[in-house]
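Okay, so here's the structure we're looking at.
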Amino acid sequence: MGKSKIQNPKSKIQYISAYEEILEGYLRTGEEAFLLESYELGKKMLKKGLSTKFIADMHFRSLEKVKRKIVLGEIRDAGHNPAIPFLELTMAFGLAFRDQLGALLRFTEIVEAGKRQWEKTFDAISDAISLHDSQGFVIRANKAFCDLLGKTFKEVLGQSPWHLFYDRNSPPDGCPLAKCLSYLKNRANPLTGQRANGPNLQPVSCETYIPKVDSYFIVTVTPVGDGAITPLFFLRTMKDITKRKKREKEEKEFQQKIRKEVALAEEREQRRIAQDIHDNLGHTLIIAKRKIQKLDDNLTTDSGTSGAELKKIANLLDQTISQTRTLTFDLYPPMLDDLGLIPTIEWYTEGFASKTGLKIDVIKTGKSQTLSKPTSIYLLRAVKELLNNILKHAEAHEVMLAIHRPESTFRIVIDDDGKGFNVEKSLKTARGYTGGIGFVNIRQWISDMDGRFLVESTPGQGTRVMIEVPIR
């Protein structure tokens with residue numbers, strides 16, 4: 001019974017040589033012992049951990065080598081058709097890993113079935129999902145992602161999301177995927193692979209509007225891997241929130257409309273009350289004063305005491321008339337309709353300074369601009385409230401009120417030299433440092449005009465308030 005010379009091969013080269021000997025021995029003798037030996041050799045190779053690909057390649061290369069030897073006459077005593085022993089030997093050798101190959105095939109079928117099911121589920125998800133490599137390029141995308149862009153998977157493969165959605169070569173500000181990539185780059189040494197101290201990379205989300213598809217999304221990027229410096233890939237999901245954003249916008253616009261209508265209704269009512277006070281109470285007081293003056297003129301010199309009393313009453317009427325005029329202007333200054341916001345603010349601050357003793361300087365820059373009536377009303381209300389806040393709570397002596405008028409915005413900045421306050425604490429109380437409507441309502445007024453309201457203050461260092469609204 002023949003045996004190959006190499007009984008315990010250890011290297012790949014030795015396995016190949018042993019197999020070639022088995023082939024040649026079987027061709028020369030036809031002994032079945034060589035078939036059994038090839039079977040045992042195959043089992044050893046599998047146990048050694050050699051791949052089935054290597055074994056198959058070795059088998060066919062050895063066959064080709066033996067064939068050449070037959071053609072060249074190096075194997076002369078093969079007594080029958082070499083194709084038959086080749087086939088027999090191949091079948092015998094295949095028995096050595098038939099069971100293993102069967103298991104591998106079954107496992108492959110399970111994996112392929114799972115892959116098909118995963119792909120089916122992946123494409124069925126309504127959110128746009130994509131997988132990205134460590135450079136940010138697409139390596140996989142579901143149907144919703146491709147449909148969103150109107151492209152096929154081949155067209156998005158290897159592209160970056162900022163190129164696909166923004167037609168640019170660099171990521172936009174706040175891009176979650178760019179944040180993940182930057183975070184990894186900054187934490188890892190590219191030469192040593194050592195990670196800096198810090199927590200593992202967590203999912204990053206943002207809410208964004210993408211003009212190219214005219215939609216709002218919550219974009220979340222999740223690193224997927226085993227916690228290594230560079231994850232295996234990044235999972236990027238895009239949840240469409242356009243309908244929600246539209247509802248929120250509609251609700252906001254409705255609330256703004258209601259508040260504007262309420263404000264205008266209040267102003268109309270204040271104007272009516274002011275007009276009634278002026279036309280009725282004011283006129284009545286003036287008539288009463290004139291009659292007292294006439295009565296005083298008709299008194300005789302013997303009525304000195306009565307004349308003095310009448311003069312006191314006349315003085316009280318003068319004060320009441322003056323207060324009535326002030327009240328009517330405070331309720332609704334007619335000059336807001338006639339001259340506009342800035343002259344009204346100048347008139348109001350001048351009167352406020354005269355009554356309170358507070359020094360107020362008004363500075364104007366920029367060109368004259370026309371504001372809508374609701375905007376003018378809101379801004380005048382805000383200025384009044386802020387000046388009253390300063391008078392009541394700031395303990396200030398001087399106020400600087402600056403009106404800036406760039407082309408597209410209208411800005412008011414009020415600085416005082418008062419005692420200042422803790423802004424964060426005051427805003428949490430929802431009242432500011434005022435006992436009245438406070439900063440919260442002013443902030444709401446400005447928000448209704450899509451403007452900005454900023455407060456800067458430090459205890460002992462005064463306060464700055466900035467109001468800015470767009471001009472439409």
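The values are calculated or read from the model by the stated rules, or taken from the named source; none is laboratory data. If you're wondering where the values come from, they're calculated on a predicted model, not measured in any experiment. Note that each Cβ is placed from the backbone with ideal geometry, even for glycine, and that neighbours are counted across all protein chains shown.
This table checks each residue for (1) farther than 17 Å from residue 335 by Cα; (2) of a type in the set (Val, Ile, Thr); (3) touching a residue at least 12 places away in the same chain (Cβ under 8 Å).
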site	(1), (2), (3)
357	yes, no, no
370	no, yes, yes
390	yes, yes, yes
396	yes, no, yes
401	yes, no, yes
408	yes, no, yes
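Here the condition is being of a type in the set (Ser, Thr, Tyr) and at pLDDT 90 or above; of 349, 328, it holds for 349 alone.
Within the stretch 447-471, which residues are surrounded by 14 or more Cβ atoms within 10 Å (Cβ to Cβ) and at pLDDT below 85? Result: 447, 448, 449, 471. Of the residues 173, 99, the single one that is modelled with pLDDT under 90, outside any strand (DSSP E or B) and under 30 Å from residue 39 (Cα atoms) is 99. Is it the case that the stretch 232-245 has a residue that's modelled with pLDDT under 70, within 30 Å of residue 212 (Cβ to Cβ) and part of a loop (DSSP other than H, G, I, E, B)? Within the stretch 232-245, not a single residue is modelled with pLDDT under 70, within 30 Å of residue 212 (Cβ to Cβ) and part of a loop (DSSP other than H, G, I, E, B). For the stretch 1-32, a residue qualifies if it is at pLDDT 80 or above, surrounded by 14 or more Cβ atoms within 10 Å (Cβ to Cβ) and more than 18 Å from residue 67 (Cβ to Cβ), and the qualifying residues are 15, 18. Conditions first: (1) under 30 Å from residue 472 (Cα atoms); (2) part of a helix (DSSP H, G or I). Residue 353 passes all but one, so which condition is the exception? Evaluating residue 353 over (1) under 30 Å from residue 472 (Cα atoms); (2) part of a helix (DSSP H, G or I) leaves (1) as the failure.
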